[in-house]
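Computed from the coordinates by the stated procedures, all read-outs in this text should not be read as laboratory data. Here the structure is a predicted model, which is why all the values come from computation and not from measurement. FYI the Cβ positions are ideal-geometry reconstructions off the backbone, even for glycines, and counts take in every protein chain you see.
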Amino acid sequence: MRISDASPISPAGARIAAAAALVLLLCVPLVVRDIYRLDLGITVLIWASLATAWNISGGFAGGLSLGHAAFFGVGAYTSTLLFLRLGITPWIGIFAGAVLAAMLGALLGVITFRLKGPFFVLATLAFGIVVHIINVNWRGLTRGAAGLLLPFRGGPQNMLFLNLWAYWYTGLGLLVLTVGVSMGIERSRLGYYLVALREDEDAARSLGVRVVRSKVIAAAVSAALAACAGSVYAAFIQYIDPDSTTQFELSVQIALVAIVGGMGTTFGPVLGAAIVIPLGEMLRARLGGGAALVVYGFLLMVIVLTAPNGAIAGVRLLVRRLRRLIDSRRKADA
Amino acid sequence: MLEVRNVTVDFVGLRAVDHVSFAAEKGQIVGLIGPNGAGKTTLFNVVSGLIRPTSGSVVFEGQDLSRLGPADRNRKGIGRTFQVVKPFGGLTVLDNVVVGALTRGQGLVEARQTARATLQRLRLDRFADTIAHSLPLALRKRLEVARALATGPKLMLLDEMMGGLNPTEVNETLSLIQELNAEGLTFLVIEHNMSAIMRIAEKVLVLNQGAVLVEGPPAVVTRDEQVISVYLGEPIESA
């Protein structure tokens, strides 16, 4: 069966490839002993999860959000504050953050579902900025720009590990969760509704697709998963402040990772994180500061221009061609 | 089955629909004709719920639909196509139809079966795995019907299905409508192709400048002098 690059159903081959990739990822800490690389790897896992979460509302439903750092921040701060103030383990705090973010996401969904194109983008952008301003100024709760430091106490039961490999597996668990939810939605009634709404809202409504319900559910799930990524990030870095959690640049980066990889597809955002995050890191290490940003921006433009449907579309094309090649070889042999 | 009661739609500085009332009985095929800009499509949008009328109401099977949006009206049994076709371009033809089958409460597996059966009925099954935006126009129009049919409607609104079709395709479409009508589906049909509408409609409504000019059986309407002067007077062939 031929499947569109925008089809809500990933090719069966993609799931097999994903299973194979998971096995490889499980083995990474056994092979990679270099702390720097493993650290980068964990960052990629968190970003892949975050972009996957974004993609559920941004890609499937087509609502390009530039405010997702807010949900990431809600997750990071909720689990961290619950731990610091009440001694509640982040393993529980991560769910509290997810629920809080889901409610916030649903609220934003209810407010913005009518908005189209740039108006929707602006609304999410404003929302993100408001949350950031609250974060900076509500010093009594968040300590504002001073940030929150997670003291190392307790260990694994509090999602605080001595070994990087433990964070690797936590990050991998997060990725499995987000991609799992994304795959579930992709192959569900909701997935079809979201894509139909994205492709043509009036046609979808006339076929019985309920706009508000579908979009609000997508926004809530997307926000909840982004918050989970935030909680894991906080436990990993052990220090959070507004700049590293709710800043506007972060929201842009989330969308960017998903777009570079291929928005609207389950595995695109993961691929995007695997490309964009190491690229940015490498450039920073080699060139430093300003120069790195210039080259980074330039390379991203090149990527987006050469693969407007995302890197995943290129991969799909490659796989299709390889298959055709193998098929024709087989026929020639027979 | 469908009652449009005194519906008026005002756009900024323009009355698109002007106190229109009519009814369609169960099992009827009702034609809606009139020159461009007469308010036909606006009236469709009011019935299907995409536009709220300035005043007046739409009653379907005895229930006032005023508070219901397009999705809920579809779930009550109103299906429609669009004059300017609106396929879910990036999806396959099959997936387009699956969306329609899903909203009537079917699970994914069942919805796929319904979609395949519907495609077969409209002889689109060969194109099941084609991406919708790469279909030629005539087939995209048929896809509009397939998608709406998959929702299991009781009343179907067809907005200029025949435009751009060749005579064979027009005949195919007409016999499909009659076939579905024989199975109990009620139709409200906007059409410029006069000879086509005359062959199938039991009742024809002529709209002009937003208001109902004449209503009656096709044979009567085509002889009406007002209709001839505003509409039929134009060379039909070029329409």
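Could you check what % of the DSSP bridge pairs in the protein assembly as shown are antiparallel, to the nearest 5?
On the way: 22 of 38 bridges.
The antiparallel proportion sits near 60 percent.
Charges at C-beta only: +1 for Lys and Arg, -1 for Asp and Glu. How large is the resulting dipole of chain A about its Cα centre, in Debye rounded to 20?
On the way: 27 positive and 14 negative charges, 151 e Å.
Result for chain A is approximately 720 debye, rounded to the nearest 20.
Counting only helical runs of four or more DSSP H residues, what would the 222 nm mean residue ellipticity of chain B come to if each run contributes -39,500 (n - 2.57) and the total is spread over all its residues? Intermediate values should be presented prior to the final figure.
On the way: 8 runs with 83 residues, N = 239.
Counting only the DSSP helices, I get -10500 deg cm²/dmol.
For the residues A:195, A:211, what sequence is obtained by ranking on other C-beta atoms within 10 Å, fewest first?
Exposure proxy ranking, most exposed first: A:211, A:195.
Would you work out which of A:63, A:299, A:207 lies farthest towards the positive end of the dipole of the protein assembly as shown, given +1 charges on the beta-carbon of Lys and Arg and -1 on that of Asp and Glu, about the Cα centre?
A:299
Only Lys, Arg, Asp and Glu count, each charged at its Cβ (+1, +1, -1, -1), so figure out the dipole size of the protein assembly as shown about its Cα centre, rounded to 20 debye.
1560
Tilt of helix B:108-121 relative to the longest C-alpha principal axis of chain B, in degrees (0 to 90, nearest 10)?
In chain B, helix B:108-121 runs at an angle near 60 degrees to the longest axis.
Compute the convex hull volume of the Cα atoms of the stretch B:43-180, divide it by the residue count, and report the result per residue in Å³ as a whole number.
Details: hull volume 15.8 nm³, N = 138.
With only Cα atoms used, the stretch B:43-180 gives 114 Å³ per residue.
Let's see if you can work this out: charge +1 on each Lys and Arg Cβ, -1 on each Asp and Glu Cβ, no other charges. What is the dipole magnitude of chain B about its Cα centre, in debye to the nearest 20? Walk me through the numbers on the way to the answer.
Details: 25 positive and 25 negative charges, 152 e Å.
Roughly 740 debye, rounded to the nearest 20.
Can you pull the Kirkwood radius for chain A, inverse mean 1/r over Cα pairs, to one decimal in Å?
20.5
For chain B, what mean projected area does the convex hull of the alpha carbons give, in nm²?
12.7
How many Cβ atoms of partner chains, on average, are near each residue of B:126-135 if near means within 10 Å of its Cβ?
Mean shielding count: 2.
Which shape class, rounded, prolate or oblate, goes with the stretch B:106-202 when its Cα gyration tensor gives a ≥ b ≥ c as root eigenvalues, a/c under 1.5 marks rounded, and past that a/b bigger than b/c marks prolate?
Working: a/c = 2.23, a/b = 1.36, b/c = 1.64.
Because a/c hits 1.5 or more and a/b fails to exceed b/c, the stretch B:106-202 counts as oblate.
Report the dimensions of the protein assembly as shown along its three principal axes from the alpha-carbon atoms, largest first, rounded to Å.
Sorted largest first, the three principal extents are 90, 71, 42 Å.
Jot down the radius of gyration and Dmax of the stretch A:1-156, Cα atoms only, both in angstrom.
Here Rg and the maximum Cα pair distance are 18.9, 58 Å.
Average partner chain C-beta neighbours within 10 Å, per residue of B:99-111?
So the per-residue partner count for this stretch is 4.
Under a 10 Å cutoff between Cα atoms, tell me which one of A:92, A:240, A:254 has the largest fluctuation in the Gaussian network model of chain A.
Looking only at A:92, A:240, A:254, the largest GNM fluctuation is found for A:92.
Need the list of lysines near residue B:154 for cross-linking: C-alpha distance under 16 angstrom, and skip anything on the same chain fewer than eight residues off.
B:26, B:76
Which value in nm describes the separation of the simple spin-label points at residue A:188 and residue B:121, placed 7 Å from the Cα toward the beta carbon?
Label-label distance for residue A:188 and residue B:121, simple model: 2.9 nm.
In chain B, if the dipole is taken from +1 on Lys/Arg beta carbons and -1 on Asp/Glu beta carbons about the Cα centre, which of B:198, B:151, B:23 is farthest to the positive end?
B:151
Neighbour counts of other C-beta atoms within 10 Å: give me A:201, B:25 arranged from fewest to most. Write out the running numbers ahead of the final one.
Numbers: A:201 19, B:25 12.
Result, fewest neighbours first: B:25, A:201.
I need the peptides A:314-324, A:161-171, A:44-54, A:59-69 ranked by packing, meaning the mean over residues of other C-beta atoms within 10 angstrom, with the highest value on top.
Output ranking for A:314-324, A:161-171, A:44-54, A:59-69: A:44-54, A:59-69, A:161-171, A:314-324.
What does DSSP give for chain B in terms of the percent of beta bridges that are antiparallel, rounded to the nearest 5? Walk me through the numbers on the way to the answer.
On the way: 20 of 36 bridges.
For chain B, the DSSP antiparallel bridge percentage is about 55.
Across the residues of B:80-93, average count of Cβ atoms on other protein chains within 10 Å? Display every interim value, and only then the final one.
Values: counts 4, 2, 4, 0, 0, 2, 8, 3, 13, 4, 10, 10, 8, 0.
For peptide B:80-93, the averaged partner shielding equals 5.
Quick one: which of B:67-80, A:21-34 comes out on top by average Cβ neighbours within 10 Å, and what's the full order, highest first?
The packing order, highest mean first, is B:67-80, A:21-34.
Provide A:325, A:250 in ascending order of the number of other Cβ atoms located within 10 Å of each residue's Cβ, fewest first. Walk me through the intermediate numbers first.
On the way: A:325 10, A:250 19.
If I rank by nearby Cβ atoms, fewest first, I get A:325, A:250.
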